[in-house]
Amino acid sequence: MQNWLQLANKTVIITGSASGIGSALVDAFYSQGCSVFMSDIKTENIKYPNTSNIYKNKIAHVKCDVRCKDDTIAMIQNADNFAKEHDIPIASIIVNAAGITRDGFIHDLTEENYDDVLDTNLKGTFHSIQAFCRPDRLEKILSTNTGSSIINIGSVISERGNIGQTNYAASKGGVVGMTRALAKEMAYQSIQINKSRGEPNSHAAIRANAILPGFIDTPMTQTVPSNIKQRIISGIPLRRFGEPTDVANMALFLASDRSSYVTGECWECSGAIAI
Ligand code: NAI
């Protein structure tokens, strides 16, 4: 598995890496030999992986509030400085996992709760991608004939809806649309960059995909009362909440060149709840 994915020596940036899915992403990428640049608004919760470092890969973190454009620009700049300092490749993978819920029935939902969710889940994802996709960065990544992968964490709630989550569903629906538009734009850009560097037939491309998790056992869902949780589980064909590693393992595949012809896709990871 480790060799099949061939992720060793790549560098990945993960937002929301202090908890739940983000934390599982850190462990998964690190154990595959990636250098990992972690970021979160709550850096005090960040945990470094305790797996043995057989690849001598590097790991660091920075504080970043994805709602703030300047923070995301600084996050990418810090990640690039980190790569330079340690003589490792510039980050060619980003996983946008930072996200929040602020649930409530529509008549109770405050404008603040609507804005918080949209600003974090949708605008935050946009900010991180925009900083990551700086033209000179993309040229640098493709100049080594290496592909690049942008992975956004959406949610099945954008496809199914859910009571009390109009704001959340809207934010994650936006992530799906953004991912599809970005995939087309990045495919176009990749071809232009490859032509300009005299490699018109190169398969190196910047891809964008989303993972749409169902109910995953993380601090975000740990507040669900147990009677509601049991009701949810009875509606999941696999009869369990997913583990954060279930999502992380999908991300490894989407990040690797093994998925080099996959872009613009929004993959559910939900135990078939969305069917
Ligand atoms: P979590 O609450 O365990 O972790 C979210 C992380 O994002 C936290 O470390 C938090 O500090 C960070 N964060 C929040 N606001 C931020 C900001 N403005 N800037 C930077 N970091 C910020 O949640 P979980 O479950 O790990 O969620 C990760 C992603 O997966 C989110 O986008 C969530 O919407 C999505 N998701 C989760 C599901 C679940 O069942 N747990 C289901 C579907 C999607």
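Quick notes on this one:
- Conditions (1) over 18 Å from the mean Cα position of the chain (by Cα); (2) away from the ligand (no atom under 16 Å from the Cβ); (3) not β-branched (Val, Ile, Thr): number failed by ASP70: (2)
- Checked against (1) farther than 22 Å from GLY147 by Cβ; (2) polar (S, T, N, Q); (3) in contact with a helix residue (DSSP H, G or I) (Cβ under 6 Å, 6 or more places away or on another chain), GLN77 meets all criteria but (3).
- Meets criteria (polar (S, T, N, Q) and loosely packed, with under 13 Cβ neighbours inside 10 Å) for THR72: no
- Residue count, region 1-40 (criterion: under 23 Å from THR221 (Cα atoms) and open to solvent by 70 Å² or more (accessible area, probe 1.4 Å)): 1
- Filtered by the rule that a residue be buried (at least 22 other Cβ atoms within 10 Å of the Cβ) and either small (Gly, Ala, Ser) or in contact with a Pro (Cβ under 9 Å, 6 or more places away or on another chain) (or both), region 251-262 gives ALA251, ALA255.
- Flag for ASN96 being out of contact with any strand residue (DSSP E or B) (no Cβ under 8 Å at 6 or more places or on another chain) and either in contact (Cβ under 8 Å) with a residue 24 or more places away in the chain or under 30 Å from ASN201 (Cα atoms) (or both): no
- Number of positions in region 126-155 that are closer than 16 Å to VAL12 by Cβ, in contact with a strand residue (DSSP E or B) (Cβ under 7 Å, 6 or more places away or on another chain) and polar (S, T, N, Q): 4
- Extreme residue, least open to solvent (accessible area, probe 1.4 Å), among residues of region 48-62 that are touching a residue at least 24 places away in the same chain (Cβ under 8 Å) and not hydrophobic (A, V, I, L, M, F, W, C): ASN57
- Residue pairs whose Cβ atoms lie under 9 Å apart, separated by 6 or more positions or on different chains, with the first residue in region 185-201 and under 23 Å from GLU265 (Cα atoms) and in contact (Cβ under 8 Å) with a residue 60 or more places away in the chain and the second open to solvent by less than 60 Å² (accessible area, probe 1.4 Å) and among the charged types (D, E, K, R), are MET186/ARG207; ALA187/ARG207.
- Pick from region 150-172, criterion among the β-branched types (Val, Ile, Thr), surrounded by 19 or more Cβ atoms within 10 Å (Cβ to Cβ) and not in a loop (DSSP other than H, G, I, E, B), ranking: farthest from the ligand (Cβ to nearest atom): ILE150
- Pairs with Cβ under 7 Å, 6+ apart, first in region 111-134 and basic (Lys, Arg), second within 13 Å of the ligand (Cβ to nearest atom): LYS123/ARG67
- Selection count where residues are open to solvent by less than 40 Å² (accessible area, probe 1.4 Å), within 11 Å of the ligand (Cβ to nearest atom) and in contact (Cβ under 8 Å) with a residue 60 or more places away in the chain, scope region 202-250: 9
The values are calculated or read from the model by the stated rules, or taken from the named source; none is laboratory data. In this text, all values refer to a predicted model and were calculated from it rather than measured experimentally. Note that we place each Cβ from the backbone using ideal geometry, even for glycine, and neighbour counts take in every protein chain shown. Note: accessible area is taken over every heavy atom of the protein model, side chains too, but ligands, DNA and RNA are not part of it. Shrake-Rupley method; radii C 1.70, N 1.55, O 1.52, S 1.80 Å.
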